[in-house]
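Written out below as structure tokens is the structure these notes cover.
Nothing in this text is a laboratory measurement; each read-out follows from the coordinates by a stated rule. In this text the structure is predicted, and so the values were computed from the model without any measurement. All Cβ positions, even for glycine, are placed from backbone atoms using ideal geometry, and neighbour counts span all protein chains on display.
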Amino acid sequence: MNKAPAPLRADARRNRERILVAAAEVFSECGVDAQMTDIAARAEVGIGTLYRHFSTKEELIYSVVNAWFEDLLIATEEAARIADPAVSFRQFFEAMCLRVANAATLARALHTPFTTMPRPVPAERRVVEIMCELVDRAQVAGTLRRDIVAQDLPPLLATIAEASHDDFYAHRNWQRYMELILDGLCTPTPSELTPRD
């Protein structure tokens, strides 16, 4: 049986966290062609330290995305603990929109939305599970239109990502469009939707 990896020492854990933050910044600026040496310099660690934590650039990208989902999972779990289904769903959706907006440049630079990584990251699976539960709860309570499914949410979030960095059309007013989407999701008199394929 494989042993669980030993926990990192405090200094090693801090280095890993600094590398992940720096990598997100550098990938946002330079895309997937970013150099590992530049990431190490931004994190103020040696290149050897970076490679001890992440042996390849692909592993580092995967870890950056997983860290994003781990942060989202914390916010999702907080929303799920709220007893009122309407408040719970709204807090989850707002938390998701905030994180999607903040990471829009990074997702575009990596050429992949965070909802379609080639390998599902562990935290992503749990976020999706809770998202489905929150949708079900809100629909049972009558506070969310019954003709949507959880799979409808990622395309709506893509609108927020676009609005968060599109100066020409949206003027970075993504919160305004989030509120419009929420009103549409929670309207008591919904229009008939085109069926999903």
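Specify whether the C-alpha gyration tensor of region 9-55 places it in the rounded, prolate or oblate class, a ≥ b ≥ c being the square roots of the eigenvalues: rounded for a/c under 1.5, otherwise prolate if a/b is larger than b/c and oblate if not.
prolate
Could you list the chymotrypsin sites (Phe, Trp or Tyr not before Pro) in region 121-197 that lie in coil according to DSSP, counting only those with at most 14 other Cβ atoms within 10 Å of their Cβ?
For chymotrypsin sites (Phe, Trp or Tyr not before Pro) across region 121-197 that sit outside H, G, I, E and B with at most 14 neighbouring Cβ atoms in 10 Å, the list reads Phe168, Tyr169.
How much FRET efficiency would the formula 1/(1 + (r/R0)^6) give for Val32 and Arg125, where r is the Cβ-Cβ distance and R0 is 30 Å, rounded to 0.05?
Rounded to the nearest 0.05, the efficiency is 0.80.
Using a Förster distance of 25 angstrom, determine the FRET efficiency expected from the C-beta separation of Ala83 and Gln175, and round it to 0.05.
That pair, Ala83 with Gln175, gives E of 0.45.
Please find the FRET efficiency linking Glu17 to Glu94, where r is the Cβ-Cβ separation and R0 is fixed at 30 Å, and quote it to the nearest 0.05.
So the FRET efficiency works out to roughly 0.75.
Over all distinct Cα pairs, what is the inverse of the mean 1/r for region 15-89, reported as the Kirkwood hydrodynamic radius in Å?
13.6
Computed from the coordinates I sent, Rg/Rh (Cα atoms, Kirkwood Rh) equals one of (i) 1.03; (ii) 0.94; (iii) 1.05. Tell me the label.
(i)
Once you place label points 7 Å from the Cα toward the Cβ at Thr194 and Asn102, how far apart are they in nm?
Roughly 3.4 nm, to one decimal.
What's the longest bit of the chain with no exposed trypsin sites (Lys or Arg not before Pro), using DSSP loop states and at most 12 other Cβ atoms within 10 Å as the test?
Here the longest run is 10-80.
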